[in-house]
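The values are calculated or read from the model by the stated rules, or taken from the named source; none is laboratory data. Keep in mind that this is a model prediction, so the values were computed, not measured. Positions of Cβ are backbone-derived with ideal geometry, glycine not excepted, and every protein chain shown enters the neighbour counts. To get the accessible areas, we keep the full protein, side chains included, count just its heavy atoms, and leave off ligands, DNA and RNA. Shrake-Rupley method; radii C 1.70, N 1.55, O 1.52, S 1.80 Å.
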Amino acid sequence: MTKAPAIEVGEWQRVSRITVVVNTLRSAAQALIPIGFALYGISSEGGRGGFAALLFGLGGLALLGLFVGGSWLAWYRLRYRVGENDVRVEQGIVSRSARSVPYDRIQDVSLEQKLLPRLLGLVEVKFETGAGGKDELKLSYVSEAEGERLRETVRALVEEEGAAASTAADPLTRHDGEGVAEQVPGETLFRMDTKRLFVFGLFNFSLVVFALLLGAMQQLEFLLPFDPWDYIADVFSDDNIAEAGALVNSYSTGAQIVAILYAIVAVVVVGMASGLVTTFVRDWEFRLDRTAKGFRRRRGLLTKTDVVMPVHRVQALVLKTGMIRRLFGWYGLSFISLAQDAKNANHDVAPFARLEEIAPIAREGGFALPGEDVAWHRPSTKYRTDKLVLSAGTCFVAAFLFLLAKIALPPEAQGLGLGAVIMAALGVIFAVQQLFLWRFQRHAIDEAYVYTRKRWLSPRTAIASRVKLQSVEVAQGPLAGWRGYADLNLGLAGGTFRIEGLPVEEARRIRAKVLDSIAAVDFANLPR
């Protein structure tokens, strides 16, 4: 993005005139498919097809004029102002709406470029409030230079409104996890090249393409010359299935095995290709920089996003991996921040990295990954037993009911016996699952952080700073109160942090330690 001087505060501004082009093309694109099918239908008529096509062409020109006129009016009636106390946007052609967001509610200002605005050098400015995307104020579209000016100006006004800061905005600070800091120049902390993206995409196996095809068929079936669902029903009719079964039985055992392997490979190839496309589109040119304002993350092929996360707003971090990628030493790091990332509190800062690459990023955010000296603890054995009984016991009760029904009903009800066996097997599986997962569900607390670790095949470790937690709640339901354990809910403005099944005494002990850390900080003097 191009650096530029700050904009004038208090002056009404309009978005870029090129916005008219973007909105016109977008409206025309939405109407393109029905117009095309209508034109095809007219051109296929006999006799009057040429005259009808002429009328249709004139109607198309009139419709294009309507799109242009509407887009111009929408642009003309949209204006914004960066005031001394808030950002205000007014818009609307017939009915006007005015929205303003005070600076004390703005958590961050981010820039986003979808494909068409990006080609025209435009950006969408988002004033994030940390309210889950419900109260975000958006400005579409301004030039890249204007977007950068807006971001810098509003951030400066937000810092002034927050009455600032005990830490300066210009020097960078590197933390070592013990409060020691030193000034360092701006630097690139993490980036993913094409080779890294390709490997990442292979691990992101996805069959979402089939869901997209089914969704497209459902939404656009009125445009197709045949009913797709009738066609699918004909393909999978009893006669066709019987014919296909006879054909398969006519093949040798080796040919059948080859056919099955071919089908499996085809599904795997489609899933891997879908994962590759998704990864490249989302994380193209992924780059994380440490700047004077905080962490700056840029990524995206079709939609490019440029987000800056101030260091002091990073409340916790999440270290996660997958069942297969863990075997190869790949992990992902996310920050839980006050600002939102596509309506998600977790900001991906290193989605596919080695632990030696992740550790420096965590240190820059003021965190430290758990070391060998961290004292881990498991939940209460009573909590484990109750979860086992509730999950597995439900299945065993269902199996018992199936058996009673089989005895009471006529002998022809053969399916009831199979149902009883299935439910009993599920009960055993759930019991073993709870016993096994309990061994990997852990928590810990030290002088600076609270840790949780869950899951076995795809472990997830969360780390929260004690001084940045906003509330501590010990919660007990009727069963937990009777049995003597509780859940500890640690409040984060940007997400959730929960430790389940603690003995009551331990939950109260952790609550007291966290409250001591919170009480020791004067939040009125923290930078915004």
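Some points to look at:
- Residue 424 vs. criteria under 21 Å from residue 489 (Cβ atoms), small (Gly, Ala, Ser) and not in a loop (DSSP other than H, G, I, E, B): no
- Within the stretch 300-324, if we keep just the residues that are of a type in the set (Lys, Arg) and surrounded by fewer than 21 Cβ atoms within 10 Å (Cβ to Cβ), the residue that is farthest from residue 357 (Cα to Cα) turns out to be 304.
- Those strands (runs of 3 or more DSSP E) of the stretch 75-123 in which 3 or more residues are surrounded by 18 or more Cβ atoms within 10 Å (Cβ to Cβ) occupy 86-91, 108-113.
- Output for the stretch 450-475, where each listed residue is modelled with pLDDT of 85 or more, assigned to a loop (DSSP other than H, G, I, E, B) and among the aliphatic types (A, V, I, L, M): 469
- Meets criteria (outside any loop (DSSP other than H, G, I, E, B), of a type outside the set (D, E, K, R) and modelled with pLDDT of 90 or more) for residue 524: no
- Residue check for residue 430: part of a loop (DSSP other than H, G, I, E, B) and either of a type in the set (Asp, Glu) or crowded, with 18+ Cβ neighbours inside 10 Å (or both): no
- Looking only at the stretch 375-393, and only at residues there that are in contact (Cβ under 8 Å) with a residue 24 or more places away in the chain and more than 14 Å from residue 439 (Cα to Cα), the one that is surrounded by the fewest Cβ atoms within 10 Å (Cβ to Cβ): 375
- Criterion: assigned to a helix (DSSP H, G or I) and either modelled with pLDDT of 80 or more or not polar (S, T, N, Q) (or both) - qualifying residue of 155, 174: 155
- Looking only at the stretch 274-295, residues that are open to solvent by 40 Å² or more (accessible area, probe 1.4 Å) and either basic (Lys, Arg) or without any contact (Cβ under 8 Å) to a residue 12 or more places away in the chain (or both) come to 3 in all.
- Applying the set (1) under 24 Å from residue 395 (Cα atoms); (2) assigned to a helix (DSSP H, G or I); (3) of a type outside the set (Ser, Thr, Tyr); (4) touching a residue at least 12 places away in the same chain (Cβ under 8 Å) to residue 515 leaves exactly one unmet item: (1).
- Of all residues in the stretch 149-162, those that are under 15 Å from residue 13 (Cα atoms) have Cβ atoms under 6 Å from Cβ atoms of residues that are modelled with pLDDT under 80 and not small (Gly, Ala, Ser), 6 or more apart or on another chain, in 149/7; 153/7.
- Long-range neighbours under 6 Å by Cβ, at least six apart or interchain, first residue more than 19 Å from residue 136 (Cβ to Cβ) and touching a residue at least 60 places away in the same chain (Cβ under 8 Å) within the stretch 75-98, second open to solvent by less than 90 Å² (accessible area, probe 1.4 Å) and aliphatic (A, V, I, L, M): 75/20
- The residues of the stretch 478-511 that are under 33 Å from the mean Cα position of the chain (by Cα), among the hydrophobic types (A, V, I, L, M, F, W, C) and surrounded by fewer than 19 Cβ atoms within 10 Å (Cβ to Cβ) amount to a single one, 493.
- Boolean, residue 48 is at pLDDT below 60 and open to solvent by 40 Å² or more (accessible area, probe 1.4 Å): yes
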